[in-house]
Amino acid sequence: MRTPLIDRRDFLKAAGAAFAASLAPAAWAKTLDADAVFATAYQKRDGSYGAAILSEAGKLLHQVDLPDRGHDVTFDPISGKSVVFARQPGTFFVAFDPTGKAAPQTVASLPDRHFFGHGVFSPDGALLYATENDFDNAAGMVGIYDARDSFRRLGEFPTHGVGPHELLLLDDGRTLAIANGGIETHPDFGRAEMNLSTMKPSLVFVDRVSGDLIESHELPPALHQLSIRHMDTDATGAIWFGCQHRGPATEKPSLVGKAERGKGLQLLDMPEDVLGGFRNYIGSVAANRDAGTVAVSSPQGNSFAVFEAASGRIVSDQSLREVCGLAPDHAGFRATTGTGEIVDADGGTVEEADYVWDNHLLRIG
């Protein structure tokens with residue numbers, strides 16, 4: 001489901017006079033002229049972690065501290081709340097006000113669960129859904145949290161797979177698409193992958209109200225080590241997913257595919273030079289619905305590519321060191337890197353000396 005964006009001037013109004021006073025006049029003027037607001041997790045070069053709200057000019061508008069490394073951010077435009085999730089196998093998420101007017105709240109996972117770094121709000125903002133690991137039973141779960149009652153945990157339902165990662169709420173407001181990466185992990189062993197020879201990734205559709213499985217789609221057996229991880233939906237409602245290959249490095253399987261209700265998974269053919277440049281790893285997927293394009297990134301391959309959603313034709317292929325975060329930006333995409341760069345759709349670059357940006361970037365305004 002395409003998340004409505006908060007109006008930029010409403011955001012600035014909510015931030016209040018204290019925020020305006022914190023900026024130099026020139027910086028405030030740039031912020032007023034900005035067309036977009038973005039959210040991302042970061043690590044500072046002193047080793048501390050946090051989440052940031054960024055203006056289109058790359059100005060740090062607000063930040064919150066995190067107890068450990070974050071991964072992805074989700075946003076509810078109704079309440080104005082954002083949530084940043086711990087990186088797998090982290091055991092917390094932090095809910096915060098992007099304008100900084102309310103104190104952040106840290107929520108811990110159950111003792112026998114950990115988070116996978118992703119979550120979504122229900123359309124009315126009442127519920128938060130998070131991918132979790134029932135690690136003693138090697139089972140993927142979706143935890144359900146009451147966003148109107150201090151994120152009290154209400155229950156859970158299975159993802160019908162192992163190692164769920166990103167989940168999306170589709171445009172009907174009821175169906176969740178969930179990427180089951182197929183990789184078994186246990187926090188006693190850190191990020192060790194325990195079942196590479198028997199992996200079984202899948203992309204499933206689940207009713208968020210009943211928890212019932214609607215459809216499950218798997219890759220061919222020969223591609224069972226192709227872990228499905230990140231996703232976004234284009235203007236037609238098709239789901240584009242990116243994979244990370246856990247088989248031999250000499251193998252070069254397709255890493256990007258499309259999923260639609262009632263159809264099998266379709267893998268996208270890419271030119272060999274583009275595919276090879278990803279080094280078997282897609283770190284982020286973002287769709288620009290207005291432009292009809294999709295972008296995928298590879299921090300391992302130091303590259304990202306943009307292709308047409310309708311035809312699959314590659315329209316650009318760029319080198320960028322440690323690129324991963326992607327978000328739609330005007331007619332193109334904004335990218336963030338593990339070296340601290342923010343690159344806009346026109347190729348303009350801002351670099352933060354004290355920050356390195358984590359895997360994902362979300363446009364919230």
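The values are calculated or read from the model by the stated rules, or taken from the named source; none is laboratory data. As the structure is a prediction and not an experimental result, all values here were calculated from the model. Virtual Cβ from ideal backbone geometry, glycine too; neighbours counted across all protein chains shown. The protein model used for the area step is the full one, side chains on, heavy atoms only, and it has no ligands, DNA or RNA in it. Shrake-Rupley method; radii C 1.70, N 1.55, O 1.52, S 1.80 Å.
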Among the residues of segment 112-155, the number that are surrounded by fewer than 19 Cβ atoms within 10 Å (Cβ to Cβ) and touching a helix residue (DSSP H, G or I) at 6+ places or on another chain (Cβ under 7 Å) is 1
Residues in segment 302-320 that are open to solvent by less than 20 Å² (accessible area, probe 1.4 Å) and outside any strand (DSSP E or B) total 2
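I'd like the residue in segment 343-365 that is of a type in the set (A, V, I, L, M) and farther than 13 Å from ALA41 by Cα and, out of all such residues, is most open to solvent (accessible area, probe 1.4 Å).
Initially, segment 343-365 is screened for residues of a type in the set (A, V, I, L, M), giving 343, 345, 350, 353, 356, 361-362, 364.
Okay, now just the ones that are also farther than 13 Å from ALA41 by Cα, so 343, 345, 350, 353, 364.
Working: VAL343: 17, ALA345: 44, VAL350: 50, ALA353: 75, ILE364: 1 Å².
Only one residue fits best here, namely ALA353.
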*Can you find even one residue in segment 161-170 that is among the charged types (D, E, K, R), within 20 Å of PHE85 (Cα to Cα) and open to solvent by 10 Å² or more (accessible area, probe 1.4 Å)?*
yes
Filtering segment 98-111 down to residues that are open to solvent by less than 60 Å² (accessible area, probe 1.4 Å), at pLDDT 95 or above and assigned to a loop (DSSP other than H, G, I, E, B) yields SER109
Residue hits (segment 324-347; in contact with a Pro (Cβ under 9 Å, 6 or more places away or on another chain) and over 17 Å from GLY365 (Cα atoms)) are CYS324, THR337, GLY338
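Identify, from the list ALA249, ALA286, the residue that is open to solvent by 60 Å² or more (accessible area, probe 1.4 Å) and of a type in the set (A, V, I, L, M).
On the way: ALA286 fails: open to solvent by 60 Å² or more (accessible area, probe 1.4 Å).
From the options ALA249, ALA286, the qualifying one is ALA249.
Can you name every one of the strands (runs of 3 or more DSSP E) wholly within segment 123-173 that holds 3 or more residues which are of a type in the set (A, V, I, L, M)?
Working: elements: 127-134, 139-146, 152-158, 164-169.
Fully inside segment 123-173 and qualifying: 127-134, 139-146, 164-169.
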Cβ pairs under 6 Å, 6+ apart or interchain, first in segment 76-89 and among the acidic types (Asp, Glu), second not in a strand (DSSP E or B), ordered by first then second residue, are ASP76/GLY125
For segment 260-283, pairs from a residue that is farther than 25 Å from THR175 by Cα and open to solvent by less than 40 Å² (accessible area, probe 1.4 Å) to a residue that is part of a loop (DSSP other than H, G, I, E, B) and among the small types (Gly, Ala, Ser), with Cβ under 6 Å and 6 or more apart or across chains, are GLY277/GLY301; PHE278/GLY301
### Query
Right, GLY332: open to solvent by less than 20 Å² (accessible area, probe 1.4 Å), of a type outside the set (S, T, N, Q) and more than 25 Å from GLU272 (Cα to Cα) or not?
no
When ILE228 is run through (1) among the hydrophobic types (A, V, I, L, M, F, W, C); (2) at pLDDT 95 or above; (3) open to solvent by 30 Å² or more (accessible area, probe 1.4 Å), the failure sits at (3)
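Could you check, for segment 233-244, whether at least one of its residues is among the polar types (S, T, N, Q) and assigned to a strand (DSSP E or B)?
Here is the first cut: in segment 233-244, the ones among the polar types (S, T, N, Q) are 233, 236, 244.
Add one more test, that the residue is assigned to a strand (DSSP E or B), and what stays is 233, 244.
Yes: one or more hits.
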